[in-house]
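Computed from the coordinates by the stated procedures, all read-outs in this text should not be read as laboratory data. Keep in mind that this is a model prediction, so the values were computed, not measured. Heads up, the Cβs are rebuilt from the backbone with ideal geometry, glycines too, and the neighbour counts pull from every protein chain shown.
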Amino acid sequence: MGTSMDVNFCYGVPPTQTRPRFREAEELIIQAWTRPGPFSFNGEFNQLRYVNPWPQPLQKPHPPVWLAGGGSVETWELAGTKDYTYSYLSFFGAKFGKRLMDGFWAKMDEMGVDRNPFRAGFAQLICVSETDERAEQEYLEHCSYFFKKCLHIPPYFFEAPGYRTRRSTEFAIKTNQPGAVAAAAALEKNWKTLTEEGFIVAGSPATVADRLVELAHTLRVGNLHALLQIGSMPHALTEKNITLFAEEVIPRIRHIWDAEGWTHRWWPSGATDRSARPAGAQA
């Protein structure tokens, strides 16, 4: 749906229209993927005389849908009802994320949906270097910049009244969901606190892999959205971070859910299924 700051304050969409617009857009996209055109779409917010996308998706009935969320109960229900994935996007780590993902899995249990970890994902800031000590030397400046400069949003600009539904607001209050308060708490953190509190996962490839495995099991997520360019990181350091993560971390974490025998039903068909590769195999 977009952040309230973008959609409501910058683009002028009334807060109470945000979710209805999102649901109508979802309906239009699914129809465009699955319904032979041309056809007309007459929604409350979108009126299109001719909808005739070409070429249509190769995957039938349509490509898998991945939802991104920040804690709305309604988004969980949409994921469970439509069999979409749900990924929690946050800059505050697994400790904050656990409160929310526990709520997601409780909702899936309530709806009778299986606990396949691949129906869930999580975004995590990650810094990889040759050793734990070198990671601090290389990345601390840029992580500090990120938390001190890039997350500064005045509380009155963070979320417009009406953007979040009553149910989701009640859940946020009960679980103390992160927001402006968590961002403020991260401002003065040193490297030790940033890593120990889980705001970032950093260190040698072995250290990073161990912490990511722990994170995946704690949150029960099968999809990791790795955030590898942080704050003021220059090109060369970003390239190093991506390379070490790809070559030395991914092989260590790729098969962590194999023992439970789950199938990733949301992976795009026809795309390379890297989860099936033996550890260390060439791409």
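Mind giving me the nanometre distance, one decimal, between the label points for Trp54 and Gln137, set 7 Å out from Cα along Cα→Cβ?
Each label point is offset 7 Å from its Cα along the Cβ direction, giving 6.0 nm.
At most 15 other Cβ atoms within 10 Å plus a DSSP loop assignment makes a site exposed; report the longest stretch of the chain without any exposed GluC sites (Glu not before Pro).
Of all site-free stretches, the longest is 189-283.
Please compute one quarter of the surface area of the Cα convex hull for the range 1-62 and express it in square nanometres.
Taking the Cα atoms of the range 1-62, their convex hull projects to 4.9 nm² on average.
Using r as the Cβ-Cβ distance of Thr81 and Gln31, and R0 as 25 Å, what FRET efficiency do you calculate, to the nearest 0.05?
Efficiency, rounded to the nearest 0.05: 0.90.
Using the alpha-carbon atoms, what tilt in degrees (0 to 90, nearest 10) does helix 93-111 show relative to the longest principal axis of the chain?
Relative to the chain, helix 93-111 is tipped by roughly 40 degrees.
Among 53-61, 32-40, what's the highest-first ranking by average C-beta atoms within 10 angstrom per residue?
32-40, 53-61
Within the chain, what's the longest stretch lacking trypsin sites (Lys or Arg not before Pro) that sit in DSSP loops with no more than 16 other Cβ atoms inside 10 Å?
116-264
To test your reading of the geometry: what angle, between 0 and 90 degrees and rounded to tens, separates the Cα axis of helix 166-175 from the longest principal axis of the chain?
The two axes meet at around 10 degrees.
Would you mind computing, in nm to one decimal, how far apart the modelled labels at Ser232 and Glu214 are, each placed 7 Å from Cα along Cα→Cβ?
Using points 7 Å along Cα→Cβ, the separation is 3.0 nm.
Using Cα pairs under 8 angstrom and six or more residues apart, how large is the relative contact order of the chain, in percent?
23 percent
Count the lysine pairs in the chain whose Cα atoms lie under 18 Å apart, taking only pairs 8 or more positions apart in sequence or on different chains.
Taking the Cα cut-off of 18 Å, the pair count is 11.
Measure nothing but the geometry: give the 0 to 90° angle between the long axis through the Cα atoms of 235-244 and the longest principal axis through the Cα atoms of the chain, rounded to 10°.
Between the helix axis and the principal axis of the chain, the angle is about 90 degrees.
Over 10 Å intervals from 0, what percent of Cα-Cα pairs in the chain sits in each interval?
In order of increasing distance, the bins hold 6, 24, 31, 27, 11, 1, 0 percent.
Would you kindly calculate the mean projected area, averaged across all directions, of the convex hull enclosing the Cα atoms of the range 18-176, in square nanometres?
13.5 nm²
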